[in-house]
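Have a look at the structure below, then the notes.
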Amino acid sequence: MSSAERAAGPQSEGFKIRWGDLAPFIALAMIVLLGVLINSNFMSGNNILNVMTRSAFIAIIGVGATFVIATGGLDLSVGSMMAFVTGIMIMAMNAMAPAIGVWAIPAGALVALVVGSLCGLMNGMIITVGRIEPFIVTLGTMGIFRAFITFMSDGGSLSIDRSLRSAYRPVYFGDFLGIPYPVLITIVIALVGAFLLYRTKYGRRVTAVGSNADVARFSGVHVGRVRTLAFVIQGFCVAVAAICYVPRLGAATPTTGQLWELQVITAVVIGGTLLRGGKAHIWGTVAGALILEIIANVMVLSDMVSEYLVAAVQGAIIIIAMLAHRFTKAR
Amino acid sequence: MSSAERAAGPQSEGFKIRWGDLAPFIALAMIVLLGVLINSNFMSGNNILNVMTRSAFIAIIGVGATFVIATGGLDLSVGSMMAFVTGIMIMAMNAMAPAIGVWAIPAGALVALVVGSLCGLMNGMIITVGRIEPFIVTLGTMGIFRAFITFMSDGGSLSIDRSLRSAYRPVYFGDFLGIPYPVLITIVIALVGAFLLYRTKYGRRVTAVGSNADVARFSGVHVGRVRTLAFVIQGFCVAVAAICYVPRLGAATPTTGQLWELQVITAVVIGGTLLRGGKAHIWGTVAGALILEIIANVMVLSDMVSEYLVAAVQGAIIIIAMLAHRFTKAR
Amino acid sequence: QDKEFTIAVSIPAATHGWTGGVVYHAQEAEKQLEAAFPNIDVIVSTASSATAQVSSLEDLSATNELDALVILPFTSEELTGPVEQVASNGTFITVVDRGLADPSIQDLYVAGDNIAVGANTAKWLVDKLGGEGEIVVLRGIPTVIDDERIKGFRDVIDETDIEILDIQYANWNQDEAFTLMQDYLARYPNIDAVWANDDDMLLGVLEAVDEAGRDDIKYALGGNGMKQVIEMVKAGDERTPISTPYPPSMIASAMYMTAAQFAGQAPMRGSFKLDAPLITPENADQFYFPDSPF
Amino acid sequence: MSAALTRDEAIEYAPEAPVLHAEALSKAYGPITVLRDVSLDIRAGEVHAIIGENGAGKSTLMKLLSGHAEPTSGTLSMSGAPVSFDDAVQAEDAGIVLVHQEILLAPDLTVAQNLFLGREISRGFAVDDRAMNRRTAEVLARVGSTARPTDRVGDMPLAQQQLFQIARALLDERKVVIMDEPTAMLANDEVDALFDIVRALSEHGVAVLYISHRLEEVEALADRVTVLRDGRMIGTWPAADLDQRQMAELMVGRELSMLYPPKRGAASGEPVLAVEDLSVDHGRVVGSFTVRAGEVLGIGGMIGAGRTELMEGLMGLRPAQSRSIAVAGTSVAKHDVDAMMAAGVVYLTEDRKGKGLLLNEGLGSNLTLQALDMVNPSLRLNGRKEAQLLQTAIEEYDIRVGSLAVEAGKLSGGNQQKLLLAKVMLADPSVVIIDEPTRGIDIGNKSQIYSFIDGLVRAGKACIVISSELPELVGLADRVLVMRAGRFVAELTGDDITEQNIVYAAASSGKDTEGGKRT
Ligand SMILES: Nc1ncnc2c1ncn2[C@@H]1O[C@H](COP(=O)(O)OP(=O)(O)OP(=O)(O)O)[C@@H](O)[C@H]1O
Ligand SMILES: Nc1ncnc2c1ncn2[C@@H]1O[C@H](COP(=O)(O)OP(=O)(O)OP(=O)(O)O)[C@@H](O)[C@H]1O
Ligand SMILES: O[C@@H]1[C@@H](O)[C@H](O)OC[C@H]1O
Ligand SMILES: [Mg+2]
Ligand SMILES: [Mg+2]
């Protein structure tokens, strides 16, 4: 598909390319406008902050997914990985709480980061060493992580110790100069991600590998390592999302993070990253996550759609957003 | 990933390629062997027939998916499309039953085939005319179809008229010379699919488009049409699966066909079709569907795994099967 | 009387039969309430996951002055904090079915008795099987509800000589139940009874058993009062002579009781647990709602 | 330790020690041996040409020398010390770099990002794009490319991409620079710039291995010439001892007839293709022209003049409008690729890898893709018929293949070109447009292709040849249209068709080719 598109329209000038890059932000603006028109409460400070805070999970995981997808990979396991990491983190915090009290929170967060990165490493190693399609590997590990969290929670739920609750709460509900922490964390992760992707050797190699793996190999790039590291970054981001998630919902259950993988991939693609790899837009991904969250929010705020049809309207809006995107680009 | 693989091993001789093609069947044989070792009931005529009959849905839809994937596309909407088509078909049959009695069954089936093909056409047109990633388009239509069936069934279930049940039942439960109809239908669909794919102009164009869309275009192939038609074939196959499905439980519900899309894609990939397009193995897909169904069956027949961990073992087996596949191929 | 009241109703989306019933009853109750009390505005919102439900709580309370919230939590633990948040604004809280981890948050609680659903079914079965036999069980989506039903059932069975051959998840899904039952049948040459802890699954089970033509299965039981199953009970089906109610209409009851707070009638607080009596051919009519989708 | 060091140094400074020596190299792919027992000396500062027919094994030998492939047997040494390379990176570290015959660049990256891929310059954690862009601009200027360091490679024409590959090789100090048909995609002034680079390299003591099918280039540049035939070494000669005819005969192993067929004299037939006011890519390229039956129409111009664009537009492969397109007097119903092909007009692309052949598929399915009706009289594809057609094509076009089961991508470059020719000719078209017909074709096969074109027009068909090789236009065309900046600027006929006239028309006004480019 992609190459056909490229050939179809002659686009070479810097100016045009920049229009394309702006597309997700234009779509975002349009959807915000829609929200304003539909419900006057949409723009209320609280609502906007809520939506932004909430989109943090998909945005943070999406930053990692941008790396994976830019290398030409795909990770379907992020949703269940997130549930699994959340579970491990809660167990670690609960175990440490009696001994070290509130310090169990940073210690548990550290555990989460390590476990998340290791999960990513596992995905990456199976894919690169075993040379199997990422789609299949991560579909497999998706089942594995999901089973583990079901097992760990005994089919029920795994909740954080009451003694830690209030100390941990601000990580989701608190703010710094009026900006909620999850939003700040998203910005930091996106900034670091953008730096890594656009300003370091590793980032260069990520897009090179996704663009043409053979060329990268001939140029001395360790293709397998670059790919694996992208999955590790993905795992790390999943852990960061888990750290923000726990204070919000206080527990991990067998349904935590279900179907997030699809939302994450959608956010990345709406953001302008190509699924075939070779091109990556960190900030586009963040915009994509916001778009998805705002669509859901507007659905709740408006009373117009029957409960049964909400999913249809969401699906339609995503397709329309992409069509708009395409036409902005075609100009 | 793919190009990396290609470059890694110089494989040119027909002999080696044939080993690779056999891989899914070898994996199937191995898993059957595992089943036999684990439980003596596995080979009982009934169990084997049940499993084969059950795998028919994924296999039939998988034949269509093989076309889509061979052109470099992807269809995430098949599961909900199947629920939607099932719902429409049941409504059509119920509406016609008072007037034409049992003839409502073939008439309804025809409606299903038309509606399924139209659904596929819609997917294909949005993708090719709108030039949007198939992943996103079909994620969107997945939501749309799912919402429609929920709406149509009022969130409950939509069941077929009692007067039609017994006449319709044999389509799932009946057999011809001991071979259950769904198995026969699968074989017919796979035969027709294989003929289309390997022996007709259209099939050539399918692989050409998936292999390099530009080359296809320069050779006078209507890339958009070929892709769209692949989605129509996919929709048709979904309808065939729906026709076999209804007599089984007699109803469509909002959960009918949920997550089937992932199973279908897994079956196709395990069967040896490349996700990036350009290579297609109809019979491999059928083997892939059987493998998935047998794994699930063996899990229940064996006593070894905690109910919580079944999903983990399934995930692991899929990965291991692909690894085995890889190594058979590497020889 | 001039004051306007807003009641938000937050429920899981219709993902399977029972939740479909919940959505149906909630919508019916919304219509009736708004017709009966012009000064009450009811907002029904469905959510497809715990996270989505938390989000919709935030949305509802950020953009409306909520006087009351009726919630059927997706999961217990995860919704506790967010509901507490809503309660802290002085909103009246009614919890339905799946309880919160901290009951002190709610003003009103309406639920079925899941332990009893399991236990009553088990007691009946023990009685009919004479305290011995071999059975298989299908369980739902991993949740507290499911755990309680299984626990209630197991606790009774464990006291007897009945052996539970196998328990597996079929996610309250008809299809998965069909498949799972086929596999059970292949594996166990003799099964005296099957219990599926939800009627959606029971339908799949029956199909598989009929198809296999196995007559060793004396009883195939479900639970939670699906229309089709009640019909079977009414018709005196031999294999499925009983069921246990777990009516999705409990959401409507909860909504009426909540509205009563503002309609100036007797204020209601506390816990209302619908018990789970056996539904038998004799009393089945009481539990039969032909218009409900469930 | 120190003794060893002195020994090495002694060898390094011994004037007669070759900088790179290959001893009895062989390479087999499966059961097929494509290179046998080749031994070769490369001396510092020489320009060493490697010539041979298509499929002789030139590219394979170069890959062995530069770590892109491993020999089945044989050894390498540098300055007397044995070496072996696990991959191209090791070879580059040792000072040997290969400029590939095929384009090997990441299309989504910029020029600078591609050039520095795998060896980015960085300051602290961050890459130093300013520095890399600066260095890139320098080498681009050196190779005569007009591209900017920040251009996306995939958006650039193939010729530019070829220059990027050359530029990449020049980024670091090298001992041996191998160029595999570097000029196949270049037009005259780029070629001149490249010659200057080659000469400058050799003056700096760098050994240049140079593969080309353009023997006049070999004559002009090389110090020594090695000839390969059928995977075997025929010998190495001082270039001064050989003229072009001798080189050609050594390659082919027999005496060669005339390269160009005699001209047919002015064609007087009816125009078979008449194109009026064709406007491609929203007016970037515009042209009207006709071709007559029995005529070879040449189209000349510099790289990027828009010749390819015009023809792709004509075929409906790019956005284009036209006042009218008529084939054999009948106007074409619809301006799309189907209608054009149905009317008997075919186009052979210059980009055989990207737009011409399915590299992962077999020869048969490539051959018939454009004319599936020929193997599909009824509903069903006739495999036997396809095999027959392939056999015929292999004989008619002299396609050299080890095994018929091989994928198209495994053929040597020249043989791919012949397969592509066979593919577009399969449906027996009446107007054949060939973009760069002999790109990468050896001299023996060139004359085959020329006489093929000749036979075509003698049979009453028409042929349009786009070529950046001036002798080809002069030798082949009855009439030449010259394009500059998207417009036809001259029409040459008869004795006016000379290299000078074409170059003059292609370059005059606009840019100054003589002085401007080589700074
Ligand atoms: N990976 C491969 N697998 C099998 N055969 C190969 C492979 N690569 C090259 N060959 C074969 O090796 C032979 C030599 O090819 P090579 O590319 O070296 O020729 P060449 O002299 O460079 O020809 P040209 O002038 O056409 O580029 C050809 O017959 C080709 O088909
Ligand atoms: N220096 C350049 N920078 C950017 N784009 C260029 C440059 N040169 C050419 N192009 C692009 O190349 C296309 C025209 O080249 P085209 O291939 O049609 O020329 P040509 O005359 O056939 O030359 P060639 O010998 O390369 O085939 C146009 O799309 C033009 O935008
Ligand atoms: O959704 C659940 C339903 O399926 C089960 O049967 O009863 C309890 C509900 O919470
Ligand atoms: Mg070559
Ligand atoms: Mg050209």
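Points worth noting:
- Residue order by solvent-accessible surface for D:309, C:134 is C:134, D:309, largest first, with ligands and nucleic acids left out and a 1.4 Å probe.
- Here's the picture: charge each Lys and Arg Cβ at +1 and each Asp and Glu Cβ at -1 in segment A:111-256, and of A:158, A:125, A:240 the one pushed furthest to the positive end of that dipole is A:125.
- Average accessible surface for segment D:138-227: 30 Å² per residue, computed with a 1.4 Å probe over protein heavy atoms with every protein chain in place.
- Distance to the A-onto-B rotation axis is smallest for one chain A Cβ; residue and value in angstrom are A:276, 4.
- Charge-dipole axis of the protein assembly as shown as Lys and Arg at +1 and Asp and Glu at -1 on Cβ define it, positive-most pick from D:377, C:213, B:110: D:377
- When only the Cβ of Lys, Arg, Asp and Glu is charged (+1, +1, -1, -1), the dipole of segment C:195-270 relative to its Cα centre reaches about 580 debye.
- Cα lying deepest toward the dipole's positive end in chain C, options C:115, C:60, C:136, charges on Cβ: C:60
- Rounded tilt (10° steps) of D:2-13 against the dominant C-alpha axis of chain D: 40
- Area of residue C:107 that stays accessible when all protein chains are in place (1.4 Å probe, Å², to 10): 40
- Note on residue D:175: lysines with a C-alpha under 21 Å away, same-chain residues under 8 apart excluded, are D:58, D:63.
- Estimated buried accessible area (total), pair D and A, 1.4 Å, Å² to nearest 100: 2300
- For the protein assembly as shown, the dipole from Cβ point charges (+1 on Lys and Arg, -1 on Asp and Glu) about the Cα centre works out to 2760 debye, to the nearest 20.
- When only alpha carbons are used to place a centre, segment D:70-111 and segment A:113-190 end up 43 Å from one another.
- Within the assembled protein chains, the solvent-accessible surface assigned to residue D:73 is about 60 Å², based on a 1.4 Å probe.
- Segment C:213-284 and segment B:228-289: distance between their alpha carbon centers, rounded to Å: 38
- Heavy-atom accessible surface of segment B:71-134: percent carbon and sulfur, 1.4 Å: 82
- Teacher prompt: residue A:95 distances to equivalent labels in other copies, 7 Å Cα→Cβ, nm: 6.1
- Note on chain B: Cα-only Rg and Dmax are 20.1, 65 Å.
- Along principal axes, Cα extents of the protein assembly as shown, largest first, whole Å: 112, 71, 68
- Label point of residue B:306 (7 Å along Cα→beta-carbon): distances to the other copies' equivalent points are 4.4 nm, sorted ascending.
- Residue D:232 contributes an accessible area of around 120 Å² to the protein surface, as traced by a 1.4 Å probe with all chains present.
- A point 7 Å from Cα along Cα→Cβ stands in for residue A:195, and the other copies hold the same point at 6.4 nm, listed in rising order.
- Placing +1 on the Cβ of every Lys and Arg and -1 on the Cβ of every Asp and Glu, with no other charges, gives segment B:207-288 a dipole of roughly 140 debye about its Cα centre.
- Solvent-accessible ranking of D:237, B:260, largest area first, probe 1.4 Å: D:237, B:260
- Accessible area of chain B divided out per residue, in Å², using a probe of 1.4 angstrom: 34
- Neighbourhood charge, 14 Å Cβ-Cβ cut-off, centred on residue A:47 and excluding it, Lys, Arg +1 and Asp, Glu -1: -3
- Of the DSSP H helices in chain A, those whose Cα atoms cover at least 20 Å axially and whose Kyte score averages -1.0 or more: A:14-38, A:56-70, A:78-100, A:104-130, A:134-152, A:181-199, A:223-249, A:282-301, A:310-330
- Axis angle, to the nearest 10 degrees, between helix C:50-63 and the longest C-alpha principal axis of chain C: 20 degrees.
- Accessible area ranking (1.4 Å probe, heavy atoms, ligands and nucleic acids excluded), largest first, for A:265, B:179: B:179, A:265.
- Reach of residue B:279 by Cα under 27 Å, taken over lysines that are not fewer than 8 positions away in the same chain: A:279, B:16, B:201, B:329, D:353, D:355, D:385, D:410, D:418, D:423
- The angle separating the long axis of helix D:129-143 from the principal Cα axis of greatest extent in chain D is about 70 degrees.
The values are calculated or read from the model by the stated rules, or taken from the named source; none is laboratory data. What you see is a predicted model, and the numbers here were worked out from it, not measured in a lab. Please note: Cβ atoms are built from the backbone with ideal geometry, for glycine as well, and neighbour counts cover all protein chains shown. Please note that ligands, DNA and RNA were not included when accessible areas were found on the heavy atoms of the full protein model with its side chains. Shrake-Rupley method; radii C 1.70, N 1.55, O 1.52, S 1.80 Å.
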